[in-house]
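Peer 1: Following this message is one structure expressed as structure tokens.
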Amino acid sequence: MNVTPPKKRPEKIVKNYSLFQLPAFLAILLLSGCVISDSETPQPNGEPSTASSSQVPPDEAADDQSPESLANSLTTSTTAGKQLSVEVYRLERRTPNILRLDLGITNKSNNGILFLNALSSGGKAGTAKNVTLLDLKNRKRYHPLELSNGSCYCSDWRDSANISPGQTLDIWIAFPAPPENLEKISVITPITPPLLDIPIGESQGTPPKQELANPQIVEIRSFTDKISDSTGRAETGEEIAIMLSSDVLFDFEESSLTDKANQTLERVAKEIDSSGATTVEIDGHTDNKGVDEINIPLSEARAKSVSKKLKELIKRDGINYEVAGHGSSQPVASNDSEKGRAKNRRVTVKFEK
């Protein structure tokens, strides 16, 4: 792994963010933590240098020019030390399926820094396993690619983890490539604020053949809990799931809708009417009180009642309704408290946006 003296670089775009400037769902994701090897390592100019391993980066193309910095964040305090500059050199598509991120970690302090676990907490030391990419447009989080043996397809700098004052550690990370029409993506590291809207470039590099594990691309969900009518709502980039409290929709151990249910279901029906959904999934759930022989039929009967009412209220044709009852098998909260059991007694209506 390379540890190089500071270089004179072209004028850089400095992007420093605080959580108050982020989209609300991203700030919540980052605050809650919901948000997800052996190598031969390239210099920032693309020329590989031998490190502690045999893994090679996802291209071998040479580039004689020093890269411009796409973004920079100076951290004042991290688990690795103070005054670390994290610089984005490149973010480029190497193949239709591989995106490569090049970073420079510069020690701006007056003391040496052991930079070993800062980017891989809980993972293999000396790798960037905990660096991720966020597609805010489509609400997807991209985790680093892994080889078939489970190791991170990224730099391994265990033999070069000591960064002296003024020196830079250059690393690379391979990710699953996002959709071709996506021009920008955000870089998330454990030691910096998010680096938003990093432009995605193209490269003509020739990647070596590597056996890769299945890519890890996770949907980012936003969730709201409306106390006034005990409904919940989870959204991804493609679909909406509305969780309706059975305590509002039904009387105790009953499957006939209450008068209160009509107003709630009218709002759901209007939203489905305005969507592009052709299938609506309606799933009934109970808490863990009682036995499956009662809970499963009850949950299914309640889902059927909701389905029947939505069919009456929805004005669009061409919608298929899928109904199922799951009893207590899919809780969303602990059944150890009444509050948790109340959340689990629900009917979920799911449909495409």
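The values are calculated or read from the model by the stated rules, or taken from the named source; none is laboratory data. Small disclaimer: the values here were computed from a predicted structure and weren't measured. Quick reminder, even Gly has a Cβ in these numbers, built from the backbone with ideal geometry, and neighbours come from all protein chains shown.
Peer 1: Would you be able to say whether some residue in the range 253-260 is within 17 Å of ARG346 (Cα to Cα) and either buried (at least 17 other Cβ atoms within 10 Å of the Cβ) or in contact with a Cys (Cβ under 6 Å, 6 or more places away or on another chain) (or both)?
Peer 2: Taking every residue of the range 253-260 in turn, at least one turns out to be within 17 Å of ARG346 (Cα to Cα) and either buried (at least 17 other Cβ atoms within 10 Å of the Cβ) or in contact with a Cys (Cβ under 6 Å, 6 or more places away or on another chain) (or both).
Peer 1: Taking the range 193-209, which residues are modelled with pLDDT of 80 or more and either part of a loop (DSSP other than H, G, I, E, B) or outside the structural domain of GLU68 (by TED's automatic domain parsing) (or both)? Can you show your working first?
Peer 2: Just the residues of the range 193-209 that are modelled with pLDDT of 80 or more, to begin with: 194-203.
Result: PRO194, ILE200, SER203.
Peer 1: Which residue is nearest to VAL306 (Cα to Cα), if the candidates are limited to the range 264-286 and must be surrounded by 19 or more Cβ atoms within 10 Å (Cβ to Cβ) and β-branched (Val, Ile, Thr)?
Peer 2: Ranking the candidates gives ILE282 first.
Peer 1: Does the range 127-138 contain any residue that is at positive phi and in a loop (DSSP other than H, G, I, E, B)? Steps first, answer last, please.
Peer 2: Looking only at the range 127-138, we keep the residues that are at positive phi, and these are none.
No; the residues of the range 127-138 include none that is at positive phi and in a loop (DSSP other than H, G, I, E, B).
Peer 1: Another question about this same structure. Counting only residues that are at pLDDT 85 or above and either among the polar types (S, T, N, Q) or surrounded by fewer than 20 Cβ atoms within 10 Å (Cβ to Cβ) (or both), how many does the range 96-138 have?
Peer 2: Restricting attention to the range 96-138, the residues satisfying the condition of being at pLDDT 85 or above are 96-119, 125-135, 138.
Pick out the ones that are also either among the polar types (S, T, N, Q) or surrounded by fewer than 20 Cβ atoms within 10 Å (Cβ to Cβ) (or both) and you get 96-97, 106-112, 114, 116-117, 125, 127, 130, 132, 135, 138.
So the answer is 18.
Peer 1: Do the conditions hold for ARG158, that is, is it under 21 Å from ALA71 (Cα atoms) and of a type in the set (Lys, Arg)? Working first, answer last.
Peer 2: Numbers: under 21 Å from ALA71 (Cα atoms): no; of a type in the set (Lys, Arg): yes.
Considered against the rule, which asks whether it is under 21 Å from ALA71 (Cα atoms) and of a type in the set (Lys, Arg), ARG158 comes out as no.
Peer 1: Quick check on my filter: what residues within the range 139-167 are surrounded by fewer than 21 Cβ atoms within 10 Å (Cβ to Cβ), under 19 Å from LEU84 (Cβ atoms) and either touching a helix residue (DSSP H, G or I) at 6+ places or on another chain (Cβ under 8 Å) or among the polar types (S, T, N, Q) (or both)?
Peer 2: Quick first cut of the range 139-167, residues surrounded by fewer than 21 Cβ atoms within 10 Å (Cβ to Cβ) only: 139-141, 143, 146-151, 158-159, 161-162, 164-167.
Add one more test, that the residue is under 19 Å from LEU84 (Cβ atoms), and what stays is 158, 161-162, 164-167.
If the condition is that a residue be surrounded by fewer than 21 Cβ atoms within 10 Å (Cβ to Cβ), under 19 Å from LEU84 (Cβ atoms) and either touching a helix residue (DSSP H, G or I) at 6+ places or on another chain (Cβ under 8 Å) or among the polar types (S, T, N, Q) (or both), then ASN162, SER164, GLN167 are the ones that fit.
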